[in-house]
Amino acid sequence: MSEDLGLNPNLLQLFSSLSLQQATHIHEVAATVEEQALKVGHLAGVLTKNLFLKDKKYGLFLITTVSTRDVNLKAIATALNLSGANFRFGDEQLLQEKLGVVRGAVSPFALVNDNAKEVKFYIDKALLQAELINIHPLRNDRTTSLTPGELTRFLEHIDHKPFEIDFDRLNTQDPAVKGGDEENQGKNVKKETLLGLSVKKEEDFANWYTQAITLSEMIDYSDISGCYILRPWSYFIWESIQSWFDAKIKELGVQNTYFPLFVSERALNTEKDHVEGFAPEVAWVTKSGQSDLSEPIAIRPTSETIMYPFFAKWIRSHRDLPLEINQWCNVVRWEFKDATPFLRSREFLWQEGHTAHGSYEEAQKRVLSILDLYAQVYEELLAVPVIKGMKTESEKFAGGFHTTTVEAYINGSGRAIQGATSHNLGQNFGKMFKIQYEDEKGEKAIPWQTSWGLTTRTLGVAVMVHGDDKGLVLPPRVAPIQVIICPIAMKSVAFTDLVAYCDEIRVVLKKLGIRVDVDDRQNYTPGWKFNHWELKGVPIRIEVGPRDFSNRQCRLVRRDNGKRNSKQYQLYFKFHLGEKLDVSADNIGVTIQSLLEEIHNFLYRKAKEGRDQKVVQVTEWKDFVPNLEQKCLVLTPFCDIAEWEDKVKVNNLFLSYWIDND
Ligand code: 87F
């Protein structure tokens, strides 16, 4: 290689320091893929297509593919799992600014100019398998040939290790291909179109979670950062939690209510102490149309300050107690920490219960009965074991006496997470909001209050605890579909007969209150359907093939332990001696009901054993951090003196293993 090629000195320097055996060819300007093909199409190896893209939310991307590939921007967004992405081509100015090249000269080499490391780089997997890759070396009247290995070496050196996209897999997505094999009976059948998860839970927990909740259609991203759409697949779970908890609190005598979304500045500041620490998170409405409001109005981050003025109005006599109300609503907290769907979002759904009682003991009884219900939501609906406990002085809700909590353990991150809290507020708010009544003796008294909240975080915790490399594993008691029946068509049985049999099973199960559906779509193969419902976490799949049809049997596959030949599965069939893996359709109702229960118990036990293995008792500081690093929960004597707690936190904050508290 000689200097007179007129290459960028930086690039030349790298070629030589990395000893790249590349060859650079001089030609007339070739600003398009077609022109380049004309000028250097004779060279060994492949030419590339380079797309410099921008998206409002996800930033800048360079995608390099084989030149002959037809790619569309939507498909790229899907492949990269960038839900809601709306890619546009970066314009000439942006290209110059970020990659220092003119249009028509873009290639992975241009990443050498991406000093700020702003551009995410993805490369077509097929390119990495080519013998040689031919790309422009920052100018489009030159083409450099080098091996994929050399290119990778170059990219790694400039800290731009490429991410791969498997376009071959992507291209089998759409459109539907005509098929005529026995299984699809000559119908238009889509090939295996569903993309499974591309990362493993253990290897990349954060991306695993994003993929699990988006591909399963639980969540979509809105264009406001930190705000998410709860799609029907997840909203159903929230509704299940709601209806269970709602019935339980009504049994306790709590009544539902609804207060306004907005709070005036004056009301919000009535109890300044408790709001102070949270103030930066409060969102304000300052305008209607183009005109400024006379006073800004806050959007509720929680409703103490909205409700308690009315407690003061409604509680006048001991006969007005207890006052126990709850509301199901949304709240807004403008978080600046990283948002995570379900776990930490700027708007979320919750219930907030607020009660007032005649004595501390009565209030405390309520705090604990609610804490029990929270534990039950996790353990009995979501199959997630929790630890009940009391927050330390510095972690409690500042407005109250003390805060009790249920904490879950997330295996993927090795951290504990707050599941829900229930506060004994003492008389602080009563004093601030002048809530006063006449007691039995005719004397003035201040009530004892509680407040408690459970949020849509519950869903995220359940996903994180149970999900696996195939996607969601939904706890059966809240799964929108508990059983999916998949007919496996063959020529020997008419599809309509097979579906009719599946429907018979569906009706039997439905009568027992089981949430069941038949996937009788003919444009998807059984294999596609299996993947699809596994990704969505449906607890049981029933497969019905022609043999099952004629024997009036069906085949069950559990989502939780996967393979149908697994030990648990066979064990289960101790109830059906002689029938091995096949179940008679007449028994199917009872069978499924107990299997759903068994799955619940299995999930709970597995999560609990997983967590318990990670609980270690530590009595010396030297063992504290190492155990946290091993993703353990540390059980340690504690004096609840803030000074000591701060020491522990300061030491661990950077590890971010401290119990997530909000
Ligand atoms: C953010 C902004 C303003 C939490 C906030 O836990 C105020 C607050 O008061 C705030 N974030 N909190 C504490 C909420 C306490 C309590 N409220 C009723 C609950 C359960 C439901």
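Computed from the coordinates by the stated procedures, all read-outs in this text should not be read as laboratory data. For clarity, every value in this text was computed on a predicted model and none was experimentally measured. So basically every Cβ, Gly included, is an ideal-geometry build from the backbone, and we count neighbours across all protein chains shown.
Structural remarks
- Extents of the chain, largest first, come to 102, 69, 60 Å (Cα atoms, principal axes, whole angstrom).
- Compactness relative to 2.2 N^0.38 Å, alpha carbon Rg of the range 1-118: 1.16
- With R₀ set to 30 Å, the beta-carbon distance separating Ser594 from Lys250 gives a calculated FRET efficiency near 0.50.
- With a cut-off of 12 Å between beta carbons, the residues surrounding Arg266 carry a summed charge of -2, where Lys and Arg count +1 and Asp and Glu -1.
- Reachable lysines from Lys434, criterion Cα separation under 17 angstrom, eight or more residues apart if same chain: Lys272, Lys313, Lys444
- Protection proxy ranking of 541-549, 109-117 - average other beta-carbon atoms within 10 Å, highest first: 541-549, 109-117
- The order of Ser594, Ser107, Ser451, Ser145, going from fewest to most other C-beta atoms within 10 Å of their C-beta, is Ser594, Ser145, Ser107, Ser451.
- Theoretical FRET efficiency, 1/(1+(r/R0)^6), r = Cβ-Cβ of Gln617 and Asp646, R0 22 Å, to 0.05: 0.45
- Working note: Karplus 6.51/-1.76/1.60 with θ = phi - 60° gives the range 296-306 the couplings x, 10, 7, 9, 4, x, 4, 10, 3, 6, 7 Hz, where Gly and Pro are set to x.
- Gain in span if fully extended, Arg547 to Gln630, counting 0.36 nm per residue against the direct Cα distance: 24.9 nm
- The average projected area of the range 243-330, computed from the convex hull of its Cα atoms over all directions, is 7.8 nm².
- Cβ-based charge dipole, the range 237-323, positive-most Cα from Gly289, Tyr308, Leu268: Tyr308
- For a straight C-alpha distance cut-off of 22 angstrom, the lysines reachable from Lys39 (same-chain residues fewer than eight places away being disregarded) are Lys49.
- Relative packing of peptides 473-482, 278-287 - highest average C-beta neighbours within 10 Å first: 473-482, 278-287
- Lys49, Lys74 arranged by Cβ crowding within 10 Å, fewest neighbours leading: Lys74, Lys49
- Cα centroid separation - the range 1-67 against the range 218-241, whole Å: 43
- Note, ³J(HN,Hα) from phi for the range 105-113, Karplus 6.51, -1.76, 1.60, rounded to Hz, x at Gly and Pro: 10, 6, 6, x, 4, 5, 5, 4, 8
- Placing dummy labels 7 Å off each Cα toward the beta-carbon, the span from Asn601 to Asp338 is 3.9 nm.
- The amide H of Ile165, built 1.01 Å from its N in the peptide plane, has Ile123, Asp124, Lys125 as neighbours under 5 Å, considering only residues 5 or more places off or on other chains.
- Charge context of Ile213, other residues only, Cβ under 12 angstrom, K/R +1, D/E -1: 0
- The fewest-to-most ranking of His274, His25 by surrounding Cβ atoms within 10 Å reads His25, His274.
- Gain on full stretching of the segment that runs from Glu609 to Thr257 - 0.36 nm per residue minus C-alpha separation: 122.7 nm
- Estimated vicinal HN-Hα couplings, Hz - the range 18-33 in sequence order (Karplus 6.51, -1.76, 1.60; Gly, Pro = x): 8, 6, 6, 8, 6, 10, 10, 10, 9, 7, 5, 3, 10, 9, 10, 4
- Dipole magnitude of the range 325-388 about its Cα centre (Cβ charges: Lys, Arg +1; Asp, Glu -1), debye to nearest 20: 200
- Neighbourhood charge, 12 Å Cβ-Cβ cut-off, centred on Glu393 and excluding it, Lys, Arg +1 and Asp, Glu -1: -3
- Averaged over residues, the count of other Cβ atoms within 10 Å places the peptides 346-358, 53-65 in the sequence 346-358, 53-65, highest first.
- Modelled FRET efficiency - R0 41 Å, Ala31 with Asn207, Cβ distances, 0.05 increments: 0.70
- Other-chain or far-sequence residues with amide H under 5 Å of Ala283's (modelled H): Ile299, Trp334
- Only helices enter this figure: runs of n ≥ 4 DSSP H residues, each worth -39500 (n - 2.57), summed and divided by the residues of the chain, yield -9500 deg cm²/dmol at 222 nm to the nearest 500.
- Beta bridges per DSSP with both ends in the chain, % antiparallel, nearest 5: 75
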